[in-house]
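The values are calculated or read from the model by the stated rules, or taken from the named source; none is laboratory data. Since this is a predicted model, take the numbers as computed values, not measurements. Positions of Cβ are generated from backbone atoms using ideal geometry, with glycine treated the same way; all protein chains shown enter the neighbour counts.
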Amino acid sequence: MRKLAINRLRDRKPLDEARIDRFLQRQTVPIVEGAKCTFLFRGGEHDSVDEVWVCHRIVGQPDRVPMKRLGNTTLWYAIMELPSGSRVEYQIEVRRGEHYERFNDPLNPKLAHSPVGSSSVCQAAGYTEPEWAKYDPESRPGELLDVIQPAGALRHESRCRVYLPARFNATQRYPLLVVHDGDDFLNFAAMKNVLDNLIHRRDMAETIVAFTNPGDRIKEYANSAQHARFLHSELIPRLESELPLLGTPAGRCLMGASFGAVASLSTAYRYPGFFGSLVVQSGSFVFTDIGNTHGGGPAFDPVVRFMNRYRAAPTRVVDRMYMSCGIYEPLIVANRSMVPVFRGTGMDVRYSEARDGHSWEDWRDRLREGLSWIYPGAAQYYYE
Amino acid sequence: MTVVLLGPQRRPNLDKLVTSLDLGGPFVTITAGWQEREKDDSELDRHLRGRSRNLHLWHRMQSVFENDPQYAAAHRERRAQLLELQELYQLGLSHTVQFLNELRTRTSGSAALRELAVADAVQVLRGMDKQHIARVGEIQASFYAKYPPHERPAIVRHRHEVAQLLADAGAIILAGGHIIELLDALHLFNLNPAGFGRLPIVAWSAGAMAITSRVVLFDEHSVRGPGCSEVFDHGLGVLTGVTVFPSAKQRLRTGDRQNMGLLAQRFAPSICVPLDPGARVVIEHGTLPADASVIDATGAMRPRGGDDAQAGDQPTA
């Protein structure tokens with residue numbers, strides 16, 4: 001078996017900075033060789049770096065993986081084994097004396113963005129970014145309209161964007177998808193591209209999508225009666241009166257990730273029979289089997305109360321539910337535990353896991369499966 | 001009578017075909033599967049050197065719906081009923097497919113008994129297919145008995161015009177698209193009695209499916225659905241004993257020999273014919289040529305072979 005690139009470099013003589021320059025020019029960082037991923041950091045020649053770590057959030061693994069210095073050079077490295085198809089977000093942390101600094105990997109241009117900033121991305125062997133999430137000039141684009149909804153229940157205006165599919169025709173009737181954290185799904189999960197492509201390829205039915213945005217997210221999405229009332233009694237009635245929507249349970253779906261998934265579930269729970277389906281990704285479905293200690297902090301208290309109550313008396317809230325979760329995120333345990341609970345109520349649950357974390361790109365990568373399952377397109381009937 | 005089946009026409013080669021077969025015009029074209037784009041057929045007309053006459057069946061159908069709202073409502077109701085029936089049938093198929101998948105991954109016990117169980121599962125699929133198509137037939141018959149098209153003026157006028165155009169035609173060109181819309185249009189305007197079967201036909205994709213006697217839907221990579229092919233409806237029956245699979249390499253797990261073998265066994269004695277890009281199968285008097293690619297009972301895709309093999313003479317598995 002061929003030695004790893006970093007080990008071949010170590011064997012070279014003389015191992016000097018010029019050789020490292022040449023090495024780095026040839027490599028894409030992290031260096032992915034089968035299951036082994038070599039992370040690299042290079043300090044300056046007059047830079048007194050004392051320690052370096054790769055920082056990630058893979059559940060069950062140490063959060064900070066120490067890097068080793070290569071001989072007496074300025075190059076540091078760490079080798080991690082990542083199963084095929086994995087995608088991991090990480091940063092580099094450096095200690096200089098008492099001073100710690102954390103930043104994205106300067107040697108890796110691949111970044112993932114989120115509302116709280118960006119991270120570097122390691123795509124292990126076998127991972128491919130789905131082509132249906134990229135801009136495709138062949139796909140006819142839908143249209144995004146800004147909608148401001150006075151939200152009485154929430155006591156603030158709600159900014160939404162409404163997606164109308166290409167070939168929108170006011171004489172037809174469309175299903176509705178309501179997306180929590182709407183702007184984040186558009187900005188960080190390429191959801192406009194995804195919708196354009198899936199609809200164009202007939203993987204997904206032509207759908208009107210309402211991208212909603214929270215005011216106080218932690219409060220509104222953690223099993224809030226006001227938020228549920230806003231969706232059920234204000235936003236959706238307005239959309240159904242102004243747009244050609246089906247207006248039936250089968251034509252109403254709620255979607256969200258993380259706390260947005262809790263908001264979706266708890267809204268459907270409060271209005272059983274009103275929504276036909278849910279798409280919930282990496283749901284923050286935290287519960288306790290005994291006691292009240294859950295480790296999520298005060299923000300999770302209402303979520304835990306809701307989930308415990310639901311688990312004590314599970315009910316069928318929709319007909320169909322698509323669930324997904326990354327196996328590297330701590331929420332994997334809660335999500336796996338909820339699958340049989342949901343299925344036990346008679347809901348048709350499709351559950352999917354990926355070697356990924358709690359990230360927008362993980363949620364993006366599962367959209368085709370989720371959306372084309374909830375609102376399937378007519379591809380089955382097209383033979384061109 | 002000559003029937004030519006083609007692979008998908010993303011890069012059309014119709015002009016060369018028409019020349020090589022010495023087909024004379026005028027050509028009646030059917031692009032109803034393109035639905036609202038039915039009339040965007042200038043490229044097709046170019047390939048036919050300006051000698052095409054589009055029957056505009058889809059637009060005629062919309063006109064019928066506009067002028068006969070009672071028929072339109074009944075048509076919608078029938079379609080909803082058929083789709084619901086299809087969904088129930090899919091549910092049954094998906095359980096049998098799951099059973100087959102479990103048998104395939106099972107390694108313990110007797111291989112001979114497992115083979116018997118696989119054969120039984122194929123029989124279950126064949127039984128479901130047969131029952132389903134019978135139920136579809138019942139719904140269709142009941143619909144036509146209640147709403148006889150030949151008694152509805154909005155339909156009769158179009159039928160007459162379509163028959164006139166067919167009477168003057170030298171060949172029929174049948175394009176792909178949405179199979180349900182295409183089938184509905186072909187049935188509504190009664191193409192068969194109007195002389196459809198006496199003319200040379202060139203058909204591809206959904207068009208090729210529509211002229212067989214049994215239309216089979218398939219997309220084994222789809223997120224939803226039974227994970228296997230499904231019988232959908234009767235076709236025009238111009239071509240019997242053949243089940244066609246347009247874009248087979250894209251829509252079927254063709255690399256999985258066992259899967260493909262089960263497909264051939266399930267639809268036997270009908271012969272499974274893949275129609276991938278570039279395919280051209282010329283059928284004279286119902287005889288499948290020896291060089292036509294078919295899927296055999298072992299799952300191999302190979303030339304049909306044999307002398308004068310009649311479509312439909314593959315033994316039942």
Provide a single number: the residues in the stretch B:163-186 that are buried (at least 22 other Cβ atoms within 10 Å of the Cβ), within 14 Å of another protein chain (Cβ to nearest Cβ) and either in a strand (DSSP E or B) or touching a Cys at 6+ places or on another chain (Cβ under 8 Å) (or both).
2
Is it true that residue B:35 is touching an Asp or Glu at 6+ places or on another chain (Cβ under 9 Å), on the phi > 0 side of the Ramachandran plot and of a type outside the set (Gly, Ala, Ser)?
yes
Residues being more than 13 Å from the chain's Cα centre (by Cα) and within 11 Å of chain A (Cβ to nearest Cβ): count how many of those fall in the stretch B:195-219.
1
Leading residue by the ranking (nearest to residue A:65 (Cα to Cα)) among those in the stretch A:1-42 that are in a loop (DSSP other than H, G, I, E, B) and in contact with a strand residue (DSSP E or B) (Cβ under 7 Å, 6 or more places away or on another chain)
A:30
Name the residues in the stretch A:74-111 that are within 24 Å of residue A:191 (Cα to Cα) and surrounded by fewer than 19 Cβ atoms within 10 Å (Cβ to Cβ), would you?
A:85, A:109, A:110, A:111
Suppose we keep only residues that are touching a helix residue (DSSP H, G or I) at 6+ places or on another chain (Cβ under 6 Å) and of a type in the set (Lys, Arg) within the stretch A:350-384. Which one would you say is farthest from the other protein chains (Cβ to nearest Cβ)?
A:364
Selection from the stretch B:140-156 of residues among the aliphatic types (A, V, I, L, M) and surrounded by fewer than 15 Cβ atoms within 10 Å (Cβ to Cβ) yields B:141, B:145, B:156
Those residues that are more than 22 Å from the chain's Cα centre (by Cα) and within 25 Å of residue B:289 (Cβ to Cβ), I need them from the stretch B:19-58; list them, please.
B:19, B:20, B:21, B:22, B:23, B:24, B:25, B:47, B:48
Looking at residue B:253, is it modelled with pLDDT under 95 and away from every other protein chain (no Cβ under 12 Å)?
yes
Regarding residue A:207, is this residue β-branched (Val, Ile, Thr), within 26 Å of residue A:142 (Cα to Cα), crowded, with 23+ Cβ neighbours inside 10 Å and within 20 Å of the chain's Cα centre (by Cα)?
no
Going by the structure shown, is residue A:198 within 14 Å of chain B (Cβ to nearest Cβ), crowded, with 22+ Cβ neighbours inside 10 Å and assigned to a helix (DSSP H, G or I)?
yes
Out of the residues in the stretch B:93-123 meeting the condition of being within 24 Å of the chain's Cα centre (by Cα) and surrounded by fewer than 17 Cβ atoms within 10 Å (Cβ to Cβ), tell me which one is farthest from residue A:381 (Cα to Cα).
B:123
Can you say whether residue A:317 is away from chain B (no Cβ under 14 Å) and not in a helix (DSSP H, G or I), as far as the supplied structure shows?
yes
Among the residues of the stretch B:218-233, are any surrounded by fewer than 21 Cβ atoms within 10 Å (Cβ to Cβ) and outside any loop (DSSP other than H, G, I, E, B)?
no
What's the total number of residues in the stretch A:327-348 that are within 14 Å of chain B (Cβ to nearest Cβ) and β-branched (Val, Ile, Thr)?
0
Looking across the stretch B:66-82 at residues that are of a type in the set (A, V, I, L, M, F, W, C) and free of Cβ contacts under 8 Å to residues at least 12 places away in the same chain, the single one that is farthest from residue B:183 (Cα to Cα) is B:73
Test residue A:294 against the criterion of being under 17 Å from the mean Cα position of the chain (by Cα), away from chain B (no Cβ under 14 Å) and at pLDDT below 95, and give yes or no.
no
Leading residue by the ranking (surrounded by the most Cβ atoms within 10 Å (Cβ to Cβ)) among those in the stretch B:16-38 that are touching a Ser or Thr at 6+ places or on another chain (Cβ under 9 Å) and at pLDDT 90 or above:
B:33
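Residue-wise test of (1) touching a residue at least 40 places away in the same chain (Cβ under 8 Å); (2) on the phi < 0 side of the Ramachandran plot.
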| position | (1), (2) |
| --- | --- |
| B:183 | yes, yes |
| B:191 | yes, yes |
| B:199 | yes, yes |
| B:205 | yes, no |
| B:211 | yes, yes |
| B:222 | no, yes |
| B:227 | yes, no |
| B:231 | yes, yes |
| B:235 | yes, yes |
